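The values are calculated or read from the model by the stated rules, or taken from the named source; none is laboratory data. These figures come from a predicted structure and were not determined experimentally. Counting neighbours? That spans all protein chains shown, and the Cβs are built from the backbone with ideal geometry, glycine included. Just the protein is used for accessible areas: all its heavy atoms, side chains included, with ligands, DNA and RNA removed. Shrake-Rupley method; radii C 1.70, N 1.55, O 1.52, S 1.80 Å.
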Amino acid sequence: MTNAAPATPAVPHPSVEEHWTGSGFRARTLRARSEAVARVIRAMRERYGEPLTLESLARVAHCSPFHFNRVFHEVTGASPGQYLAAVRLEAAKRLLLTTGLPVTAVCLEVGYESVGTFTTLFTRYVGVPPHRLRRLAREAPPLLGALPTPAAPRGGGTPAAGGQLRVDAPEGFAGAVFAALFSAPIPRGRPLACAAAAGPGVLEFAHVPDGRCYAFAVGMEGGADPVELLLCARSPRGSAGPLTALGGALQGGTIALREPGPADPPLLVVLPCLLAERLAAGA
């Protein structure tokens, strides 16, 4: 009589729910991708002055350049090159506001070889030239006293002319709230629209261009240092989107402010500066 081969233990097949909700292969894959992107972002923040390439960043992520480029974009909403440029300009903001280094030295410190290229990119994505940013440290604090109070939600389903965005803050938060709408999921460059209020609540925007947009908001505690007001490095923040603007009005949206995380994209645009322009123009 021939001995029968031992039965192979049955391997439980993950259910569809397990596969998509966190305990199966997909959850492990998403976690591995997020960890790889987090390693790369840490490397960018630690080595932004070096000539980092797609290939060198892919090695940090332990995958091919093609696969890394796709995964990074899926996780962050930006390409590795766009994100690295944002990290470098964020570092330049910090150096301009916390040191007396000349603009040329700041340019070289953050990895740019051409002062002209650096100044052009800085102005485009931060919203003001490097020299203007330094002057804003003296002008920004009085802005907080000129902020409007949050609006009450409009009843009956009738939106404001430019729409409303609700911004909630953690318990105990006491400060101003800035919000802006962008055409892409990374907040850089001039926003489509911006708003501010003296506290959390419903912020009202002026006319918003029709189409899809992404909302970002930051909170600024009362008595904040002028440098922190412009850097927003430790400020609670949040995002929502994609949202839709139709007929010049934003179709709803809510943002819950939270503490900044290591994978949050740099917030380059200087929101208080935009507010100052609006106030100066009588908006």
Quick one: ARG188 ticks every box in (1) modelled with pLDDT under 85; (2) surrounded by fewer than 22 Cβ atoms within 10 Å (Cβ to Cβ); (3) closer than 22 Å to VAL75 by Cβ except a single one, so which number is it?
-> (2)
Candidate set: segment 30-52, residues that are basic (Lys, Arg) and within 19 Å of PHE66 (Cβ to Cβ); chosen: the one surrounded by the most Cβ atoms within 10 Å (Cβ to Cβ) | ARG33
Under 9 Å by Cβ, and 6 or more places apart or on different chains, what pairs join a residue from segment 171-196 that is in a strand (DSSP E or B) with one that is among the acidic types (Asp, Glu)?
-> GLY175/GLU221; ALA176/GLU221; ALA195/GLU204
Which condition breaks for ARG212 when tested against (1) open to solvent by less than 40 Å² (accessible area, probe 1.4 Å); (2) part of a strand (DSSP E or B); (3) farther than 12 Å from VAL269 by Cβ?
-> (1)
Go through (1) out of contact with any Asp or Glu (no Cβ under 9 Å at 6 or more places or on another chain); (2) within 17 Å of PRO260 (Cα to Cα); (3) without any contact (Cβ under 8 Å) to a residue 60 or more places away in the chain; (4) not β-branched (Val, Ile, Thr) one by one and return the number of the condition ARG212 breaks.
-> (2)
For segment 58-87, how many residues are closer than 30 Å to LEU230 by Cβ and either modelled with pLDDT of 95 or more or not in a helix (DSSP H, G or I) (or both)?
-> 3
For residues that are closer than 15 Å to VAL270 by Cα, modelled with pLDDT under 80 and charged (D, E, K, R), scanning just segment 219-249, find the one that is least open to solvent (accessible area, probe 1.4 Å).
-> GLU228
With the condition kept exactly as written, say whether any residue in segment 156-174 is open to solvent by less than 10 Å² (accessible area, probe 1.4 Å), modelled with pLDDT under 85 and under 22 Å from the mean Cα position of the chain (by Cα).
-> yes
